[in-house]
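Down below is the structure, laid out as structure tokens.
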Amino acid sequence: TTEGRENLIKEALSHYEALGHDFSQYDNDGDGAIDYLVVLWTGPIGEWASFWWGYKTSFSDGSFVLDGKRLGTYSWQWERTGSTFSPLVVIHETGHALGLPDYYDYDDSVGPRGGVGGLDMMASSWGDHNCFSKFLLDWITPTVISGGKNLVSLGASDSHGDAVLFADGATSDPFAEYFMVQNHTRTANDEDLPADGMLIWHV
């Protein structure tokens, strides 16, 4: 339950506050709330959407404060699968905390089936964030092409900020309709992709 999960979090954080940890440093925007908290627990993964399942949510008890700061958005997830730690769920849930949606298919009767085909961190909790997500988060500034012939060299998107945005007329609006192109190679965050190649996103 929510109450049980929050009671566990309160107990753990109150312990560290009593030891002198300063939680006020985590309110970077000064709104009175800790910006984001990641909670990792050990043990087996539970059934989907059960108590022992990973997700991003918000703390419901506004009366609980640490060094004058309330808890806001937090994610709750398992520490490991098998014998090694994997950061993939933390990266996925932190994507939600930053404002990214899930890109997998909630309802295959609406729109094209399959979401983005699993080729993204927000679709299947593996691989890098796609160029559209990075554009939304202002992590990259894509090369915008609105016409004519252009020669562009794209580095591997997992380690470069390279992407091209093709629009009918110049745009910097991430919520318009356009195409984005990135160069996916099986390195770094994308090492488990099925193949190298260009990804073209219809936004």
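The values are calculated or read from the model by the stated rules, or taken from the named source; none is laboratory data. On a predicted model such as this, the values are computed, not experimentally measured, just so you know. Note that we place each Cβ from the backbone using ideal geometry, even for glycine, and neighbour counts take in every protein chain shown. Just the protein is used for accessible areas: all its heavy atoms, side chains included, with ligands, DNA and RNA removed. Shrake-Rupley method; radii C 1.70, N 1.55, O 1.52, S 1.80 Å.
Quick one: Debye curve from the alpha-carbon atoms of region 117-203 only, equal weights, vacuum; give me log10 I(q)/I(0) at q = 0.17, 0.21, 0.25 Å⁻¹ to two decimals. Calculated log10 I(q)/I(0) at the listed q: -0.67, -0.99, -1.33.
For a straight C-alpha distance cut-off of 21 angstrom, the lysines reachable from LYS69 (same-chain residues fewer than eight places away being disregarded) are LYS10, LYS56. Note that the chain presents 58 Å² accessible area per residue, ligands and nucleic acids not counted, probe 1.4 Å.
Over the chain, DSSP H runs of length four or greater, each weighted -39,500 (n - 2.57), average out per residue to a 222 nm ellipticity of -5000 deg cm²/dmol.
What percentage of the solvent-accessible surface of region 1-152, computed with a 1.4 Å probe over protein heavy atoms, is contributed by carbon and sulfur atoms? In region 1-152, the share of accessible area belonging to carbon and sulfur is 54 percent. Highest-first packing order for the peptide set 53-66, 87-100, 146-159 is 87-100, 53-66, 146-159, based on the mean count of other beta carbon atoms within 10 Å.
Taking 7 Å steps out from each Cα toward its Cβ at SER24 and THR141 produces label points 3.7 nm apart.
Spread over its residues, the convex hull of the C-alpha atoms of region 30-91 is 102 Å³ per residue. Pairs of Cα atoms in the chain fall into 5 Å distance bins, from 0 up to the last occupied one, in shares of 1, 7, 12, 15, 16, 14, 12, 10, 7, 4, 2, 1, 0 percent.
Full extension of the chain between ASP108 and VAL203 yields a length gain of 32.4 nm, computed as 0.36 nm times the residue separation minus the alpha carbon distance.
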